[in-house]
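Derivation of every value follows stated rules applied to the coordinates shown; laboratory data play no part. The structure presented is a predicted model; accordingly, all values stated were derived computationally and were not measured. With ideal geometry, Cβ positions are generated from the backbone for all residues, glycine too; neighbour counts draw on all protein chains shown.
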C-alpha cells in the first residue's frame, strides 16, 4: 500500500481504478479515460493533485535563496501572486525537479513540487537553505485540486462563492489567496482553469461540491494525455537528474541573464552551450498506424539513433504523438521502431493542442 491523499476514500467510493504513482495510491480513471480527457478539452474536469508537495519558503533572504536554487530567476516576479515555472538543477546541470514558484513578497514564496520526488526535493531545498537562513515549511495540512477546461473557472467559482469574483479574470500564471482558498491560474492540461489549494480537512467537501456543479472527475490517465498534447514535460520521462534543460526542450526556462547570477548548475549549462548541445527533445507525429510509447527506438537516417521519452494516442487529434530525444542534427523525418517495424514519423513543433485547438 502506498501513501494516500485526503481524497483516497472518495476515489474508491466513486469506483476509480487505483494505481501506484510515485508511491501514492492514485486514480488512473473513473471508467473512461477518453471521456475524462474530452471533458477537460470541452467543458470542465478535476484532478486530485494533493500528492504534490506544497512548501512555503520564508525569510529575509528568501528571494536570494531562490535566485541561487532555481535556473529561472524569481527576480522576474514583480507583482504579488505572480507564478514562475523553473527547473531546480544539480551541480552537473541535471534536473532535480521542475516546479512552480508563487510570489508573495520578497520574504515569502510558495513552491509546488512533484509527488514522486517530494522527499528528495525537501532534502534538496533544506540543503541549500542554511547560508540564506530561510525557513522551509512543507504544508502537509493543505491539499490541492486542479479544475481545468473552458468552463472550469465558471463552475469552480460557483462552488467557491462570492470571493471568487476577485479571480475570475485573473491572468494566466497568477495566484491569489481568497478567504479560504488559494487560487492559481496554473495547470498541466493546456486548458484554462485553476489549481486550488485549501485545508486538507475541507478538500473532500470541495471535491463533492465541484462534482455536483458538473465538473467531471478525472484520473492520471487523462492527465497524461492532456499534458502531452499540451507539450508539457513529465519528470522521470522527458527529463531527469542526468539530463539538462537544454537537452529537454526547456532552454526557455533558464535565465542566463543577468550574467552575474550564480545559480546551481550554471557552470555546467554554460559549458554545454559553448560545446554544443548533442541532443534535443522534439515532438513527433506518427504517420503510419501504431502507437508511440516511451523507450521505443528512434532511427534518424544518416545521423544516429534516439529514443521516445513519452508517447500516447491523442484523443483530440485521433493520432499518435510523442516526445523523442534525438541527435541535434535531426531533421523533419524519422522512423520509430514499433514491435520490430520501422514506422514513419514527422518532427513537429509542440504543443500539439492548446485550448482545445489542434496546432499541427
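Structural remarks
- Alpha-carbon centroid distance for the pair the stretch 307-360 / the stretch 14-78, whole angstrom: 24
- Separation of the stretch 93-148 and the stretch 248-284, taken as the distance between their Cα centroids, equals 22 angstrom.
- Percentage of interatomic Cα-Cα distances in the stretch 54-119 larger than 20 Å: 21
- Here 357, 155, 120 are placed in order of increasing Cβ neighbour count within 10 Å, fewest first, which gives 357, 120, 155.
- In terms of other Cβ atoms within 10 Å, 153, 223, 273, 289 run from fewest to most in the order 289, 273, 153, 223.
- Ranked packing of 4-15, 188-199, most packed first, by mean Cβ within 10 Å: 188-199, 4-15
- Cβ crowding within 10 Å, taken as a proxy for footprinting-reagent exposure, orders 183, 285 from fewest neighbours to most as 285, 183.
- Mean Cβ count within 10 Å, highest first, over the residues of peptides 73-81, 306-314, 255-263: 306-314, 73-81, 255-263
- Share of pairwise Cα-Cα distances greater than 21 Å in the stretch 278-358 is 19 percent (whole percent).
- Rough spin-label spacing in nm, given labels placed 7 Å along Cα→Cβ, for residue 318 and residue 344: 2.1
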